[in-house]
Amino acid sequence: MNLRQRFAKKKRKRMPADLNLQITSLADVLMIVLIFLLKSISAGLTDSQSINVTKGIRLPGVLSGGAGKEGIKVEVSEDRVELAGQRAATLYSFRFGTGDLNGDLAASSTAKSLNSAFGAYRKMTPPDSPGASTIWIVADRRAPYATIQTVVASAAMQGYQDFKLAVVQGE
Amino acid sequence: MIPISSHKKSLEFEINIIPIIDALTILVTFMLAAGVYYSIAMLDVKVSGGASDTVPVQKAAITITVDVDETLAVDVKVTGQETREVRLEAVNAKVDSVRINQELDRLKVRFPQIVTTTLIAKKEVHYQHVVNAMEAIRKTHPDVLLGGF
């Protein structure tokens, strides 16, 4: 046996027969990740972050925006306008019926339907309750301005004063 | 005499943490999958005119109106002590936020007391573009009134 062979033999280490993984550190890391996730989710359940946006609605993006405390959610999706989860008007590809838009919108069936929905909701809500006069417009970015305008005008007619437009921050 | 060591129970024991790790991994995976990774913000607006006009009517030095049309060109109209109308063409199929901001910034220097701007858009302009114009306005004039009713 020459010197090189003897040296190589000496250097080879014996591996233990039962290889134990150090999983305690893995458990620690997973626990920390879990705590951070729980923290971030619970932090997101306050104020405007708690808005539950219906699937299919793509909110408009902005670079920065403000926060909202309390409000009544009005959702404008492709086929409907919902006030606090209840259908208030029907839309056709984000638009009101063509018959409505051709004539006097204020006298149209859509505007009447929206007005009565906002009016009924206003009567139902105590005026001193938090967010009673604030409307959160949660509308799809593809909706035409005419639709948003009609919804806002109908709410304003019933005395709602503050409007907040829900947007996605950072886009 | 019985040796003490034979009565002594071993204090060393091992917790089986493999099922804990399994449960944690599944929890983390579900939470990552269920998480919402965008932040929702709010833009304040008020309505120009009508029953709910909450902005007190007063003799303002100037009135600023930003009007977005279907081509996404923007007309910035100023009336009052200064009368001016500037047309800002769209850039890359978007409203030109930079130039809107520049134009309003110039007005802000001359009329610092004016904080309100009315935003009007044509019926077919997409909501996203209206919001883009609003965002540009809010940098200099925080009170935005939705107009055209």
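We did not get these values from a lab; they are worked out from the coordinates using the rules stated. Not measured: the values here are computed from a predicted model. Every residue, glycine among them, receives a Cβ derived from its backbone with ideal geometry; neighbour counts consider all protein chains shown.
List of remarks:
- Per-pair calculated FRET efficiency, R0 = 22 Å: A:Ser64 and B:Val98 via Cβ, rounded to 0.05: 0.90
- Per-pair calculated FRET efficiency, R0 = 41 Å: A:Lys123 and B:Asp143 via Cβ, rounded to 0.05: 0.90
- Among the trypsin sites (Lys or Arg not before Pro) within segment B:57-147, those in coil by DSSP and having at most 13 neighbouring Cβ atoms inside 10 Å are B:Lys59.
- Formal net charge of residues neighbouring B:Asp69 (Cβ-Cβ distance under 11 Å; K, R +1; D, E -1): -2
- Ordered by the number of other Cβ atoms lying within 10 Å of each residue's own Cβ, fewest first, B:Ile62, B:Ile137 fall into the sequence B:Ile62, B:Ile137.
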